[in-house]
Protein chains: 2
Amino acid sequence: MSETESIDMAGLDRELGFALRLAQLAVFKDLMACLKPLSLRPAEYSLLVIVHANPGLKQLTLGAVLSVQGPNLVTMVDQLEAREVIVRSPVPNDRRAHALHLTAKGRSLLRQAKTAHAKHQARLNRCLGKADAPDLIAILNRIAAAEAWIGER
Amino acid sequence: MSETESIDMAGLDRELGFALRLAQLAVFKDLMACLKPLSLRPAEYSLLVIVHANPGLKQLTLGAVLSVQGPNLVTMVDQLEAREVIVRSPVPNDRRAHALHLTAKGRSLLRQAKTAHAKHQARLNRCLGKADAPDLIAILNRIAAAEAWIGER
DNA sequence: TATTGTTATACTCTATAACTATA
DNA sequence: TATAGTTATAGAGTATAACAATA
């Protein structure tokens, strides 16, 4: 059954991109399983968290925060609005923009989602063990922030 | 221009899944840019590295190593074979399986790709600075390996 | 019966261009 | 002229079911 038969990974298992992909796959798999009973995907959970903490947020700002592009965000907002967990309301001085808010139903859903997410977080912490999670996240954020100069030249 | 206007991230920037996604986005963006002149994507680069280090590898084993499923691997192998950088050759005692090998052209392409990849690696190391890269990768691999128990219950 | 590889297909995520209505 | 949001669309990446050839 085990088809392992000692493969030479040729250093691939020591490359950051490869390790990042597999780790993200595992973490998202767990997070998705946690949120599935609430019919929420990870991106939708992030959206609810940010809108709840920043009521009246405009879509463009939200998209920048989540690294989701305009057209793709429209779809997400459409679906969540159809479920009546968020609403698009008018912005006083700019009739082009939409202010995003959670509904009472949305706040309730977010509360449940945070409970589900806590279980995911606990499993992750158990897996990390004594490894310093804040340190790990700081390094990952630094890598992500370097996007500016990375990729050119 | 800066639409930042102090957003409350509500702890989202301290979550591993969120950090992983952004870091992977940045790293892959850079790697893709490095490999683009050779018309190679990250997954194809990984494939060449593994096949070169394990000549005669069967597709099923390769798929397990790369975490790519059968039907998707067929497409990748088809395209690389059409470019004449790899070949499917018969396996002595099993006429169902195909043994994968790099062609001379493939080995040449891989050599160029490794040079391009070294530049990516150098940028990454510069970005990581004094942070311990092997340590980081060890933690990521541990998270990925936990996939077995993560996600259930 | 089980396994290797393949075909066909579908679903999600992401990306781009062009449009509207406002500013 | 520029901006916020939208529409339509296309391309990756990934997933499953069913099949042929072989074991």
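The values are calculated or read from the model by the stated rules, or taken from the named source; none is laboratory data. On a predicted model such as this, the values are computed, not experimentally measured, just so you know. When we count neighbours, we look across all protein chains shown, and the Cβ atoms used for this are built from the backbone with ideal geometry, even at glycine.
Taking the listed residues A:Ala64, A:Ala99, the one that is in contact (Cβ under 8 Å) with a residue 40 or more places away in the chain, surrounded by fewer than 19 Cβ atoms within 10 Å (Cβ to Cβ) and within 11 Å of DNA strand D (Cβ to nearest atom) is A:Ala99, with no other qualifying.
When each of A:Gly129, A:Gly151 is tested for being within 14 Å of another protein chain (Cβ to nearest Cβ), over 30 Å from B:Lys119 (Cβ atoms) and modelled with pLDDT under 95, the lone residue that passes is A:Gly129.
In this structure, is A:Val87 in contact with a strand residue (DSSP E or B) (Cβ under 7 Å, 6 or more places away or on another chain) and either more than 16 Å from DNA strand C (Cβ to nearest atom) or among the basic types (Lys, Arg) (or both)? Yes: the conditions hold for A:Val87. Among (1) within 7 Å of chain A (Cβ to nearest Cβ); (2) within 14 Å of DNA strand D (Cβ to nearest atom); (3) surrounded by fewer than 21 Cβ atoms within 10 Å (Cβ to Cβ), there is one condition B:Ala53 misses while meeting the rest; what is its number? Going through the list (1) within 7 Å of chain A (Cβ to nearest Cβ); (2) within 14 Å of DNA strand D (Cβ to nearest atom); (3) surrounded by fewer than 21 Cβ atoms within 10 Å (Cβ to Cβ), B:Ala53 breaks only (2).
Here A:His120 passes the criteria (1) on the phi > 0 side of the Ramachandran plot; (2) within 11 Å of chain B (Cβ to nearest Cβ); (3) more than 16 Å from DNA strand D (Cβ to nearest atom) except the one numbered (1). Across region B:21-69, the qualifying residues are those that are polar (S, T, N, Q) and under 12 Å from the mean Cα position of the chain (by Cα), and the one among them that is farthest from DNA strand C (Cβ to nearest atom) is B:Ser46.
Under the condition of being under 26 Å from B:Val74 (Cβ atoms) and surrounded by fewer than 16 Cβ atoms within 10 Å (Cβ to Cβ), the residues counted in region B:23-36 number 1. Scanning region B:46-67 for residues that are among the β-branched types (Val, Ile, Thr) and either touching a Ser or Thr at 6+ places or on another chain (Cβ under 6 Å) or under 17 Å from B:Leu35 (Cβ atoms) (or both) turns up B:Val49, B:Ile50, B:Val51.
The residue that is farthest from A:Leu110 (Cα to Cα), among those in region A:84-96 that are more than 7 Å from DNA strand D (Cβ to nearest atom) and in contact with a helix residue (DSSP H, G or I) (Cβ under 8 Å, 6 or more places away or on another chain), is A:Val87.
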